[in-house]
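Enquirer: One structure follows; several queries about it will come next.
The values are calculated or read from the model by the stated rules, or taken from the named source; none is laboratory data. These numbers were taken from a predicted model, which means no experiment stands behind them. Cβ: placed from backbone, ideal geometry, glycine included. Neighbour counts: every protein chain shown. When the accessible area is computed, the model is the full protein with side chains, heavy atoms only, and any ligands, DNA or RNA have been set aside. Shrake-Rupley method; radii C 1.70, N 1.55, O 1.52, S 1.80 Å.
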Amino acid sequence: MPDLLLELFSEEIPARMQRRAADDLKKLVTDALVERGLVYEGAMAFATPRRLALHVAGLPVRGNDVREERKGPRVGAPEAAVQGFLKAAGLSSLDQATIVSDPKKGDSYVAVIEKPGQETLAAIAEIVPAVIRAFPWPKSMRWGAASAAGASLRWVRPLHSILCTFGAETEDTEIVPFEVDGIRSGNVTYGHRFHAPGPITVKRFDDYVASLEKAKVVLDADRRKEIIATDAQTLAFAAGLELVEDEGLLEEVAGLVEWPVVLMGEFEERFLAIPGEAIRATIRANQKCFVLRDPATGALANRFIPVSNLIASDGGKAITAGNGRVVRARLSDAAYFWQTDRGPLPDLDTLQESAGDLGLDLAKPLDQRMAKLDRLGVVFHAKLGTQGERVRRIAALAKELAPIAGADPALAERAAKLAKADLPTEMVGEFPELQGLMGRKYAELQGEHPSVAAAIEEHYKPLGPSDRVPSDPVSVAVALADKLDTLTGFWAIDEKPTGSKDPYALRRAALGVIRLVVENGVRLGLAAIATDADLLSFFHDRLKVMLREQGARHDLVDAVLGEGASANDDLLLITRRVAALGRFLETEDGRNLLAGFRRAANILKAEEKKDGEGAFAAAADLQLIAEAGLIEEKGLAVALSQAAPKAEAAIAAEDYEAAMAALAELRPAVDAFFDKVTVNDPDPALRANRLRLLNQLREATRSVADFSRIAG
C-alpha cells in the first residue's frame, strides 16, 4: 500500500517547540485522513532544527465508495418541503428519487446518494496546505514582501520548501501537487547547512532517511540524543570523569544540532571554589554545555562538554576554545556574585528597623539580605502584601506547626524568616533556579543550625508528583507553612484555579501539602487553617487525583469522606482509611457485604419514598423480632449489636483494619437474612421493624465509610 512522505523545511525551529510541533503535525494530518475514511497502518513524525517530517504508512489509493439513503417528505407533501429535500439530496427532480411504502406512515420519497471514494492523492493535496496554514505554533512570524499585506503565511521561521510524495514501495512515487504562499510542493530536500547544503531528490521515506544521513543530518531526535549521551559518556570515561546527566539539557541540545559532534573543554581550577550548582547553572544556561564530575569524590571537575553542529577541520579546537572563553567569563561573574553575597551590604544603617522587627542579626550576611528584602517592600501579590509581610505570616505559621511536625518551634521560625532571604542575592538574581539552594549555602557559611539551612532549601519542595519530599521536621514545618499560606491567601482573594488555568500553581501547592503530610505521617487538622470549606474540598479533590495516580480507587475517597466531608480534614487518616477500605473490598467478605449493603440500601430507598425519609430511623424492636421467631432475623440483630460498637470503637481508636474486621463479622448474618427473611412482610409492624433493622445495617457501615458512594 502507498506511503506518504511530508517534509516542511525552514529556518531554525526553536528547540523547545520541535517535539510538540512534530506531534501536532502527525495528529493534524492523520486525523484529517481518517475523517475522509483514509485509514492508515502507522505514522511517525520527526523534527530537526530545520525541518518537520511525517511518514504515514499503509494508506489506500482511494477511499471507499459511500452509499447513503436519505429519507424525504411524504408523497403529496407541500412543494416547499419537496424542493428542500431535492436541494439537500442534490437531486434535480423527483424522478431521481424512489418511493418507499410504510403501512403506518404511507408512501414517502427516498434519495439514494452514492459518492465515489476520494483519491488519496487529491485528499492529501487538500489536507496538507490547510494544516500548514493553520499550524498551532506557540509563536509565529511573517516574512518577505508579502508580509506587509498581513495576509501571508505565518510560520515559526521562514518556510523554504515543502516535500510531499505519495506512492507504493514497489512503484515510482508521485509528487502531491499543491502550493502554499508561493511555495510549490516537490520531491527535494536539503542536507546539513554547512556539510551538504545542496538539493537532494528523494522518493519515499527509506531513501529520504538514508539521503539525509549521507548529507550529515540525523532525522530522529531520540537518536541524536543517544549519540550525544553516548559520546559524552565515552569522552568523560576517557578522562577519568563522569558525565552529570541532564535530561532537559540533552533534549534541548538535540534540538540545536542536526549532526551532533561532542567535544570537551576546560576552565581554570580556581573556579571550582564556586558552589557546584552555580557552576552547572552558569555553563548550562549560557553555553548549553554539560558538566563533569570526579566519580571518586562527586565534586565537579574543571571540564565541560559542548556539542557542535559540524565536523571541524581542526578537530573542534577552535570551537572548544571559543566556548571556553565564554565559560570563563561567565564563571568570573559567578565568582563575583559568590563573593559579594557573602560580604556585608553597604546600606546596613537603613536596615535596622526591618532587622529589629523580624528579629534578624545584621552581623550575618543572610540576615542582612532578608532585612533588605523587607525594607525594599518587594510585592508578593498586590492583594496579599509584600514578601516581608508574607515571611512574617509563614514564620508564625511554621512556629505553630512545628510541634505537629516534630520540630523545634524556634528553629522552624528561624528557618522561615530566612527562607526567602536569598531572593535579593546576586547569585539568585542571575540564576533564579538556584533560589533556596543558595540560601542553604549562605546559611551554612554563617553557622546556622543544619536543620535551618536544610529547610531554607527544602521549603519549596515537593515541586511536583515525582519530586522528593523533605523529611527533616523543620523542613516539613516550613514547607507546610509556605504552601498553606499561599493557598489560604489566594483563596481569600478569590484567585482560585479554573479549568486548565492555574497561574499561581495552587494545585501543585495542595498536592505538596498532601504529600508532606502523608509521607511524613503528620497529623494536621486542616479545618483550623483552611477555614474555607471550598478550600478543604479542593484538598479532597487533589487527594483523589494523587490516589488515582497511585492506582487507588478515587471513589473510595468519596466513601470515606461520606456525607460529613467538611469534617474530614486529617489527610493522613483519610489515606489510611482509604487503604484499609480498599484492602477490605478485595476480600470475599468485603465484596459480599457490599452486595448486601446495596440490597438493603435499595430496599430502604424504595420504601422511604412511600413512608418518608427517616421513617425507619428508630432502632428495631427486639421483642417483635423474638416474637417473629426467625433465627436469621434475630441473627442479624445480634450481629449488628456486636459489630457496630466494635467498628465505632475501632474508628475512634484509628484502627481501621479492626473496623473492617468488625464489619466482616456481619457478612454471614446479612447473607442469611436476605436468604430467609421477607422484608416487606404483609404485617405492617414486621415490615417496619425489618426496615429499621436494615437501616441499622446502613448506619453501621457508615461509621466506617459511605458504601453508597462506592462504584461498581
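Enquirer: Run Leu153 past the list (1) over 14 Å from Leu8 (Cβ atoms); (2) open to solvent by less than 20 Å² (accessible area, probe 1.4 Å); (3) assigned to a loop (DSSP other than H, G, I, E, B) and report the number of the one that doesn't hold.
Expert: (1)
Enquirer: Give the stretch 280-311 a look and list any residue that's out of contact with any Leu (no Cβ under 9 Å at 6 or more places or on another chain), within 28 Å of Arg193 (Cα to Cα) and part of a loop (DSSP other than H, G, I, E, B), or say none.
Expert: Passing the criteria: Leu310, Ile311.
Enquirer: Filter the stretch 1-24 for residues that are small (Gly, Ala, Ser) and either closer than 13 Å to Leu159 by Cβ or modelled with pLDDT under 95 (or both) and give the result.
Expert: Result: Ser10, Ala21.
Enquirer: Given (1) buried (at least 19 other Cβ atoms within 10 Å of the Cβ); (2) in a strand (DSSP E or B); (3) touching a residue at least 60 places away in the same chain (Cβ under 8 Å); (4) not small (Gly, Ala, Ser), identify the lone condition not met by His160.
Expert: (1)
Enquirer: Something else: Any residue in the stretch 333-340 that is outside any helix (DSSP H, G or I) and open to solvent by less than 30 Å² (accessible area, probe 1.4 Å)?
Expert: no
Enquirer: Quick one: Thr189 ticks every box in (1) surrounded by 20 or more Cβ atoms within 10 Å (Cβ to Cβ); (2) of a type in the set (S, T, N, Q); (3) more than 13 Å from Arg50 (Cβ to Cβ) except a single one, so which number is it?
Expert: Only one criterion in (1) surrounded by 20 or more Cβ atoms within 10 Å (Cβ to Cβ); (2) of a type in the set (S, T, N, Q); (3) more than 13 Å from Arg50 (Cβ to Cβ) is unmet by Thr189, namely (3).
Enquirer: Given (1) open to solvent by 50 Å² or more (accessible area, probe 1.4 Å); (2) in a helix (DSSP H, G or I), where does Pro682 come up short, assuming only one miss?
Expert: (2)
Enquirer: Hey, can you tell me all the residues within the stretch 649-677 that are closer than 14 Å to Ala580 by Cα and open to solvent by less than 60 Å² (accessible area, probe 1.4 Å)?
Expert: Once the filter is applied, which keeps residues that are closer than 14 Å to Ala580 by Cα and open to solvent by less than 60 Å² (accessible area, probe 1.4 Å), the stretch 649-677 yields Ala650, Ile651, Tyr656, Ala658, Ala659, Met660, Ala661, Ala662, Leu663, Ala664.
Enquirer: So, one more: Which residue pairs have Cβ atoms under 8 Å apart, sit 6 or more places apart or on different chains, and have a first residue in the stretch 291-306 that is of a type in the set (S, T, N, Q) and a second that is open to solvent by 40 Å² or more (accessible area, probe 1.4 Å)?
Expert: That search, which allows pairs on different chains as well, returns Asn302/Glu266; Asn302/Glu268; Asn302/Glu269; Asn302/Leu272.
Enquirer: If you go through the stretch 440-479, how many residues are closer than 24 Å to Arg523 by Cβ and open to solvent by 60 Å² or more (accessible area, probe 1.4 Å)?
Expert: Qualifying residue count, the stretch 440-479: 3.
Enquirer: Scan the stretch 35-83 for residues that are open to solvent by 80 Å² or more (accessible area, probe 1.4 Å) and hydrophobic (A, V, I, L, M, F, W, C) and jot them down.
Expert: Residues satisfying the conditions are Val39, Met44, Val61, Ala80.
Enquirer: Name the single residue, out of those in the stretch 166-185 being outside any loop (DSSP other than H, G, I, E, B) and touching a Cys at 6+ places or on another chain (Cβ under 8 Å), that is nearest to Glu7 (Cα to Cα).
Expert: Ser185
Enquirer: Which one is farthest from Leu52 (Cα to Cα), of the residues in the stretch 10-34 that are hydrophobic (A, V, I, L, M, F, W, C) and open to solvent by 10 Å² or more (accessible area, probe 1.4 Å)?
Expert: Ranking the qualifying residues of the stretch 10-34, first place goes to Val34.
Enquirer: Of (1) within 19 Å of Phe707 (Cβ to Cβ); (2) open to solvent by 20 Å² or more (accessible area, probe 1.4 Å); (3) in contact with a Pro (Cβ under 9 Å, 6 or more places away or on another chain), Gly635 satisfies all except one. Which?
Expert: Every listed condition holds for Gly635 apart from (1).
Enquirer: Does Gly144 qualify as being open to solvent by less than 70 Å² (accessible area, probe 1.4 Å) and on the phi > 0 side of the Ramachandran plot?
Expert: The answer is yes for Gly144.
Enquirer: Still on this model: Within the stretch 229-250, can you find the residues that are open to solvent by less than 50 Å² (accessible area, probe 1.4 Å) and either within 32 Å of the chain's Cα centre (by Cα) or among the hydroxyl-bearing types (Ser, Thr, Tyr) (or both)?
Expert: Listed by number, the residues that qualify are Ala229, Ala232, Leu243, Val244, Asp246, Gly248, Leu249, Leu250.
Enquirer: OK, next. Restrict the check to the stretch 559-573 and report whether at least one residue is open to solvent by 20 Å² or more (accessible area, probe 1.4 Å) and modelled with pLDDT of 90 or more.
Expert: No, every residue in the stretch 559-573 fails to be open to solvent by 20 Å² or more (accessible area, probe 1.4 Å) and modelled with pLDDT of 90 or more.
Enquirer: Could I ask something else about it? Being free of Cβ contacts under 8 Å to residues at least 60 places away in the same chain, over 28 Å from Val262 (Cβ atoms) and among the basic types (Lys, Arg) is the requirement here; does Arg184 meet it?
Expert: So Arg184 passes the test.
Enquirer: Are there helices (runs of 4 or more DSSP H) fully within the stretch 187-256 with at least 2 residues that are of a type in the set (Phe, Trp, Tyr)? List them.
Expert: 205-214
So that you can scan it fast, the table gives a plain yes or no per residue for (1) loosely packed, with under 15 Cβ neighbours inside 10 Å; (2) of a type in the set (Gly, Ala, Ser):
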{"position": "Lys496", "(1), (2)": "no, no"}
{"position": "Ser500", "(1), (2)": "yes, yes"}
{"position": "Ala509", "(1), (2)": "no, yes"}
{"position": "Ile514", "(1), (2)": "no, no"}
{"position": "Val517", "(1), (2)": "no, no"}
{"position": "Gly521", "(1), (2)": "yes, yes"}
{"position": "Gly525", "(1), (2)": "yes, yes"}
{"position": "Ala530", "(1), (2)": "no, yes"}
{"position": "Asp534", "(1), (2)": "yes, no"}
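Enquirer: Look at Ala371 and say whether it is farther than 30 Å from Arg193 by Cβ and not in a strand (DSSP E or B).
Expert: Here the answer is yes, as Ala371 does meet what is asked.
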